[in-house]
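Data block below; observations after.
The values are calculated or read from the model by the stated rules, or taken from the named source; none is laboratory data. Worth saying up front: this structure is predicted, and the values here are computed from it rather than measured. Here the Cβ positions follow ideal geometry from the backbone for every residue, glycine too, while neighbour counts run over all protein chains shown.
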Amino acid sequence: MRGIFAQGAPVDIVGLDGKVIARGFATQSSEIVRRLQGMNLHRIEDELPGALMRQVATPVAVHRDNLVLL
């Protein structure tokens, strides 16, 4: 993940070759996404403080309902 973005901001999803393959709206801010990277749901629930956990609506960076493949 690169860049800084707010929750709800439009973001590009790039493939391994660096080409944009999709665009969507960020479910979480870049700060929260960095903290969640690589964690499964149980680990997220264990490691995030209660106040932050309540802010995390879903443990995905971009929900498929807010994503368009290019």
On the given criteria, is T58 loosely packed, with under 12 Cβ neighbours inside 10 Å and within 11 Å of the chain's Cα centre (by Cα)? yes
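Listed here are the residues, each with its yes/no results for (1) under 10 Å from the mean Cα position of the chain (by Cα); (2) surrounded by 15 or more Cβ atoms within 10 Å (Cβ to Cβ); (3) among the polar types (S, T, N, Q).
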site: G18; (1), (2), (3): no, no, no
site: V33; (1), (2), (3): yes, yes, no
site: L52; (1), (2), (3): no, no, no
site: H63; (1), (2), (3): yes, no, no
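Any idea which of I13, I32 is β-branched (V, I, T), part of a strand (DSSP E or B) and under 26 Å from V68 (Cβ atoms)?
Values: I32 fails: part of a strand (DSSP E or B).
Result: I13 is the single residue among I13, I32 that is β-branched (V, I, T), part of a strand (DSSP E or B) and under 26 Å from V68 (Cβ atoms).
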Which one of D12, D46 is on the phi < 0 side of the Ramachandran plot and either basic (K, R) or at pLDDT below 85 (or both)? D46
